[in-house]
1. Given springs between every Cα pair under 10 Å in a Gaussian network model of the chain, which of Ala23, Ala57, Ala38 has the largest fluctuation?
2. What are the ³J(HN,Hα) couplings of segment 12-26, residue after residue, when phi is run through the Karplus curve with 6.51, -1.76, 1.60 and θ = phi - 60°? Round to Hz, x for glycine and proline.
3. With θ set to phi - 60° and the Karplus curve 6.51 cos²θ - 1.76 cosθ + 1.60, what are the ³J(HN,Hα) couplings of segment 31-45 in order, to the nearest whole Hz, using x for Gly and Pro?
4. Apply the Karplus parameterisation 6.51 cos²θ - 1.76 cosθ + 1.60, with θ equal to phi minus 60°, to every residue of segment 4-11 and state each ³J(HN,Hα) to the nearest whole Hz, in sequence, with x for glycine and proline.
5. At 222 nm, what helix-only mean residue ellipticity would the chain give, in deg cm²/dmol to the nearest 500, using -39500 (n - 2.57) for each DSSP H run of four or more?
6. Between Phe8 and Trp84, what is 0.36 nm times their sequence separation minus the Cα-Cα distance? Round to one decimal in nm.
7. For Val32, what residues show an amide H to amide H distance below 5 Å, using hydrogens built from the backbone and excluding near sequence neighbours?
8. Can you tell me the orientation of helix 54-63 relative to the chain, as the angle in degrees between its alpha-carbon axis and the longest Cα principal axis, to the nearest 10?
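Coordinate-derived values only; no laboratory data. Just so it is clear, the structure is predicted and the values come from calculations on it, not from any experiment. With ideal geometry, Cβ positions are generated from the backbone for all residues, glycine too; neighbour counts draw on all protein chains shown.
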Amino acid sequence: MRAAVRKFGNSTGIIIPKPLLAAFGASAGDGVSLTMEAGRLVIERVDSDPQAGWAEAAEQLAAEGDDGLVWPEFGNDGDKDLKW
């Protein structure tokens with residue numbers, strides 16, 4: 001499938017046909033990552049939620065026993081006077 005590089009205001013772009021977007025699970029408005037590999041432009045869909053997968057990673061760390069505090073707990077002046 002061929003496409004042309006087109007002028008869009010002060011930028012340029014390529015219109016990606018809907019079937020190609022669907023083939024890699026993207027649609028209009030989704031974020032993508034652009035990289036160059038061996039002289040080719042590679043477009044990959046990225047999750048729009050930057051915290052995607054955090055819950056699963058935390059569960060895996062807990063299951064492996066690697067979920068301890070990195071920094072020790074430390075108190076603030078006046079903590080002993082707090083009433084909950």
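1. The residue that fluctuates most here is Ala38.
2. 10, x, 10, 7, 9, x, 3, x, 5, 4, 5, 5, 10, x, 10
3. Calculated HN-Hα couplings, in order: x, 9, 10, 10, 9, 10, 9, 6, x, 10, 7, 10, 10, 10, 6 Hz.
4. 10, 7, 10, 8, 10, x, 8, 10
5. Taken over the chain, the calculation gives -5000 deg cm²/dmol.
6. 21.5 nm
7. Amide H to amide H, under 5 Å and 5 or more residues apart or across chains, Val32 pairs with Val46.
8. The two axes meet at around 50 degrees.
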